Amino acid sequence: MLNIIASLDLDKDTCRELTNIKVPLLERDRIRIQNSIATVLQIDDNENQIKSAANIPLSTESLRVFGNQAFKEERYEDALQYYTEALRSCSKNTYDQRILSNRSLVYLKLHEYTYALNDANACIEIDLVVGKLICSFSNEFPLDEAKFKCDENIDQFYPMFLGIINNIDKQFISSITSLNGGRIVLNACEIRSDGGCGISVQGENSHLAINNCNVHKSLIGIAVANGGTMEACDNQISNNTLHGIAIGPNGNAILKRNNISQNKAEGIWGGRNLKCKEINSTPTLVTAVDNIILQNGLSGICLEGGTFVLQNNLVSDNWAWGIFIHNRSSLLAENNEISNNKCGGIRVGINYSASVYIDGNTIKDHSGPDIVAINESTYMVKAEYIDEVEVYSTQPFITDRNLLSNNNKPVQSPRDAVKSLKTCCWCQKMSSTLKACSKCRIAQYCSKECQKFHWVRHKHMCSILSDNYTIEIQIKDTKPNKPRLFHSSLKGIGEGHKPDVTSTKKFIVKVQSDHYYVPYDPRKSLTLYDQSVTLNIIFRHPELYHLCSECGRLSGDKTASKKIFCWASYKQKGEILCIHTDEFPDFQTW
């Protein structure tokens, strides 16, 4: 055809018309060209129309206002044209960040995510404050930060969290949120939130990929639930009011090479309280490999329903257990190092038919047990759900390839507890140049920064480490404890000599923390009584709380409560009770 036309004697216009081929533009190119052309804009007065594309009589502010009105009326294409013309009417260095922000939102409504991101970035470059507002999206985390401050309401905040994660009382905000299929990619960012999550991933097909970021000073560092997924690698997740990472219900996460430390609750919390019929329908799936999980205010890892794989992680120096397992949590724990956790290594509670496989782990240097599996007969409770006829727990499978050493240590002296650490008291690094605390000369650090961070806890122990330190308790500041029945295993309780309030003779008392599974808080109440239970009081004392938590032994329920026996004496005819920390009695049976 083209050869025939070329041989004909045709004028140029006729030949062009016969050989013209029209190729439709791609949609993205059409929109880009459309946005690059000055369009005819009009205001409410139909007589005032723009007659030339090159002549725009409306001011930038007028175009912005018309764009806002079009947006409110959901005329997003018109709003896009108004905002584009407003930006074209001024030079780039005089752009109004409000127009960029508004156009970014229009692009989101039109599902033009690349253009939306470009405008958002340009807006942030102009004004960081506006950029911060762009990134503050509404979500399901607390608006009332005061209710969730660990330091002020420790009795309330942990049960509140469990309610939150189970979809109760949701009024929340987060710094960065992925909802209902949104995808977030973060690299080398610093993320924090005043009162909410640092990052929240909620809803089916929502996904977060986060690498090399610092997530800190939030209610929860990262929360993944309700169908959301996450892959997190090489991040620092620390100093959050609750958990470093919370996954569940129905969350899926892969965690690799993260440092998860110094959070006030667990480092990693996963699951939710599942019913038997929900095990296969709403699973929480977590794989954690090569992470460092240390110095958190509860357990390093708490599993409360779901399927979990833990491999090659370091779980150390957490305030409760290394790994705390219950409520239908299936676990494969391989080749982890679990050490120096205050309560013990691994605790398997009432777990029903879920399987726990523990193989090739190093579990060492605990004052409590290496592995404890709760026998259901010790629990006087009923099955919670109609699909379970009884409370029971399948015993964990523990191979002989686990290395278990130096657990159930009879640590009583605070000096022994600190001296037993051959590393920096804060970061746990070994060093030949450790420097001792100038006050107690016992605690050692590799740097001033580590000493500063550790002081929050060490200040309660520092004075106790001196040879002749005595803790004085004003009896008027205590409350009498209610009479109670003691377990039959406490041999000798209610017997022995009654302490004489007029004498300064020493006698033995038991100091015990409460039985609630809550984070470290030196202002929590303690119980103190002697063998005869003549002296039986409740009081608060930060130094004794820390001493009991640091050097005490687990109580019978093997959860988080600890007890320690001390020498005591009266002073000023019983007005003051003195607790002596220079030496400690043998562990008592009562």
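The values are calculated or read from the model by the stated rules, or taken from the named source; none is laboratory data. For clarity, every value in this text was computed on a predicted model and none was experimentally measured. All Cβ positions, glycine included, derive from the backbone under ideal geometry; neighbour counts span all protein chains shown.
If you take the residues in the range 39-76 that are within 15 Å of Arg103 (Cβ to Cβ) and of a type in the set (S, T, N, Q), which one is modelled with the lowest pLDDT?
Thr39
Kindly evaluate Asn205 against the criterion of being outside any strand (DSSP E or B), at pLDDT 55 or above and under 28 Å from Ile254 (Cβ atoms).
Considered against the rule, which asks whether it is outside any strand (DSSP E or B), at pLDDT 55 or above and under 28 Å from Ile254 (Cβ atoms), Asn205 comes out as yes.
Under the condition of being touching a helix residue (DSSP H, G or I) at 6+ places or on another chain (Cβ under 6 Å) and β-branched (Val, Ile, Thr), which residue from the range 88-125 is surrounded by the fewest Cβ atoms within 10 Å (Cβ to Cβ)?
It comes out as Ile124.
So if I check each of Gly552, Gly556, which one is under 15 Å from Ser367 (Cα atoms) and surrounded by 19 or more Cβ atoms within 10 Å (Cβ to Cβ)?
Gly552
Scan the range 267-289 for residues that are buried (at least 24 other Cβ atoms within 10 Å of the Cβ) and either part of a strand (DSSP E or B) or at pLDDT 95 or above (or both) and jot them down.
Gly267, Ile268, Trp269, Gly270, Gly271, Val286, Ala288
Which of (1) touching a Phe, Trp or Tyr at 6+ places or on another chain (Cβ under 9 Å); (2) modelled with pLDDT under 90 is the odd one out, the single condition Gly181 does not satisfy?
Exception for Gly181: condition (1).
What tally of residues in the range 546-590 results from selecting those that are of a type in the set (Phe, Trp, Tyr) and either in contact with a His (Cβ under 7 Å, 6 or more places away or on another chain) or at positive phi (or both)?
Here the count works out to 1.
Any residue in the range 221-239 that is in a loop (DSSP other than H, G, I, E, B), crowded, with 22+ Cβ neighbours inside 10 Å, within 13 Å of the chain's Cα centre (by Cα) and not polar (S, T, N, Q)?
Checking the range 221-239: not a single residue is in a loop (DSSP other than H, G, I, E, B), crowded, with 22+ Cβ neighbours inside 10 Å, within 13 Å of the chain's Cα centre (by Cα) and not polar (S, T, N, Q).
Checking Ala6 against (1) under 22 Å from Tyr115 (Cα atoms); (2) among the aliphatic types (A, V, I, L, M); (3) at pLDDT below 65: exactly one of these is not met. Which one?
Just one mismatch for Ala6, condition (1).
Does Asn263 satisfy being touching a residue at least 12 places away in the same chain (Cβ under 8 Å), over 28 Å from Asn407 (Cα atoms) and outside any strand (DSSP E or B)?
Criteria not met by Asn263.
Pairs needed: first member in the range 303-314, on the phi < 0 side of the Ramachandran plot and outside the structural domain of Asn226 (by TED's automatic domain parsing); second member anywhere, assigned to a strand (DSSP E or B) and basic (Lys, Arg); C-beta distance under 6 Å; at least 6 residues apart or different chains.
Here the result reads none, with nothing in the range 303-314 linked to a residue that is assigned to a strand (DSSP E or B) and basic (Lys, Arg).
Looking at the range 321-335, which of its residues are farther than 19 Å from Ser561 by Cβ and either touching a Pro at 6+ places or on another chain (Cβ under 7 Å) or outside any strand (DSSP E or B) (or both)? First the steps, then the outcome.
Start the filter on the range 321-335 by keeping residues that are farther than 19 Å from Ser561 by Cβ, which leaves 327-335.
Hits for the range 321-335 are Asn327, Arg328, Asn335.
For the range 498-512, check the following and say yes or no: at least one residue is closer than 25 Å to Phe324 by Cα and at pLDDT 90 or above.
The answer is yes, given that some residue of the range 498-512 is closer than 25 Å to Phe324 by Cα and at pLDDT 90 or above.
When only residues in the range 88-125 that are closer than 16 Å to Arg64 by Cα and among the β-branched types (Val, Ile, Thr) count, which is nearest to the chain's Cα centre (by Cα)?
Val106
Can you tell me which residue among Asn180, Asn212, Asn187 is within 16 Å of Asn259 (Cα to Cα), more than 18 Å from the chain's Cα centre (by Cα) and surrounded by fewer than 17 Cβ atoms within 10 Å (Cβ to Cβ)? First the steps, then the outcome.
Working: Asn180 fails: within 16 Å of Asn259 (Cα to Cα); Asn212 fails: more than 18 Å from the chain's Cα centre (by Cα).
After applying the criteria, what remains is Asn187.
Across the range 320-372, what is the total count of residues that are hydrophobic (A, V, I, L, M, F, W, C) and within 28 Å of Asp521 (Cβ to Cβ)?
Restricting attention to the range 320-372, the residues satisfying the condition of being hydrophobic (A, V, I, L, M, F, W, C) are 320-321, 323-325, 331-333, 338, 343, 346, 348, 350, 354, 356, 358, 363, 371-372.
Next, from what is left, pick out any that are within 28 Å of Asp521 (Cβ to Cβ): 320-321, 323-325, 338, 343, 346, 348, 350, 363, 371-372.
Qualifying residue count for the region: 13.
Could you list all residues from the range 391-422 that are at pLDDT 75 or above and touching a Gly at 6+ places or on another chain (Cβ under 9 Å)?
Ser393, Thr399, Arg401, Asn402, Leu403, Leu404, Asn407, Asn408, Lys409
Of everything in the range 316-354, what is of a type in the set (S, T, N, Q), closer than 13 Å to Gly270 by Cβ and surrounded by 24 or more Cβ atoms within 10 Å (Cβ to Cβ)? Give them in sequence order.
Ser329
Under the condition of being within 25 Å of His458 (Cα to Cα) and without any contact (Cβ under 8 Å) to a residue 40 or more places away in the chain, which residue from the range 473-526 is farthest from the chain's Cα centre (by Cα)?
Once the filter is applied, the top-ranked residue is Leu526.
If you go through the range 426-440, how many residues are assigned to a loop (DSSP other than H, G, I, E, B) and free of Cβ contacts under 8 Å to residues at least 12 places away in the same chain?
3
Looking at this structure, is Ser489 farther than 30 Å from Gly300 by Cβ, outside any strand (DSSP E or B) and not assigned by TED's automatic domain parsing to the domain that holds Gln295?
Against the criterion (farther than 30 Å from Gly300 by Cβ, outside any strand (DSSP E or B) and not assigned by TED's automatic domain parsing to the domain that holds Gln295), Ser489 does not qualify.
Test each condition in (1) closer than 25 Å to Phe584 by Cα; (2) at pLDDT 85 or above; (3) not basic (Lys, Arg) for Cys425 and report the one that comes out false.
Looking at each condition in turn, Cys425 falls short on (2).
Checking the condition of a type in the set (S, T, N, Q) and out of contact with any strand residue (DSSP E or B) (no Cβ under 7 Å at 6 or more places or on another chain), which residue from Ser316, Ser353, Ser330 passes? If you could, list the steps in order and put the result at the bottom.
Working: Ser316 fails: out of contact with any strand residue (DSSP E or B) (no Cβ under 7 Å at 6 or more places or on another chain); Ser330 fails: out of contact with any strand residue (DSSP E or B) (no Cβ under 7 Å at 6 or more places or on another chain).
The conditions single out Ser353.
Go through the range 56-86 and count every residue that is out of contact with any Asp or Glu (no Cβ under 8 Å at 6 or more places or on another chain), farther than 12 Å from Val106 by Cα and among the polar types (S, T, N, Q).
Residues that pass the stated criteria total 3.
Look at Ile338 and say whether it is more than 24 Å from the chain's Cα centre (by Cα) and either not in a loop (DSSP other than H, G, I, E, B) or not assigned by TED's automatic domain parsing to the domain that holds Leu554 (or both).
Criteria not met by Ile338.
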